Amino acid sequence: MRAPKRTHDNAKRLRRDMSLPEVLLWARLRHRQPDVPRCRRQHPIGPYVLDFYFSEPNLAIEVDGYAHGTGDRPQRDARRDAWLREQGVKFMRYAASDVLEDPDGIAASILDAAQGAWDPDTP
């Protein structure tokens, strides 16, 4: 799905200004491995920018910092999640603190999901 120019410009800015948890994950996800789809960082889709995106399984990965729990952010995230579901995008969310604590473990679970070992309907 093509994103508006404004979203593309925002994605470019976000690629330059990635948070430490995003940088740690990107260092682990960027190298293409056999049987793992290519990962994109700060990928624009519609009006949104996804932290990480695997196109083949249509899987988005979001790293949520403290701000995602404050103000109107939870409602905005819920609208975004609903829109992504309508587009057929599956997604996984990780707290930034969890990524900082165990970037290798989080990256491994993401790669498992990208390879199809994850069922989004299983709690």
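The values are calculated or read from the model by the stated rules, or taken from the named source; none is laboratory data. Quick caveat: nothing in here was measured; it's all calculated off a predicted structure. Cβ: placed from backbone, ideal geometry, glycine included. Neighbour counts: every protein chain shown.
With respect to being part of a helix (DSSP H, G or I), among the small types (Gly, Ala, Ser) and either at pLDDT 75 or above or over 19 Å from Gln115 (Cα atoms) (or both), Ala3 falls outside the description.
Within the range 34-44, which residues are surrounded by 12 or more Cβ atoms within 10 Å (Cβ to Cβ) and either in contact with a Ser or Thr (Cβ under 6 Å, 6 or more places away or on another chain) or in contact (Cβ under 8 Å) with a residue 24 or more places away in the chain (or both)? The answer is Val36, Pro37, Cys39, Arg41, Gln42, His43, Pro44. If you check Gln75, Gln87 for being modelled with pLDDT under 95, surrounded by 12 or more Cβ atoms within 10 Å (Cβ to Cβ) and not small (Gly, Ala, Ser), only one passes: Gln87.
Within the range 53-66, take every residue that is modelled with pLDDT of 90 or more and closer than 19 Å to Ala3 by Cβ and give me the one that is surrounded by the most Cβ atoms within 10 Å (Cβ to Cβ). Result: Ile61. Taken together, Leu25, Leu50 contain a single residue that is modelled with pLDDT of 90 or more and assigned to a strand (DSSP E or B), which is Leu50.
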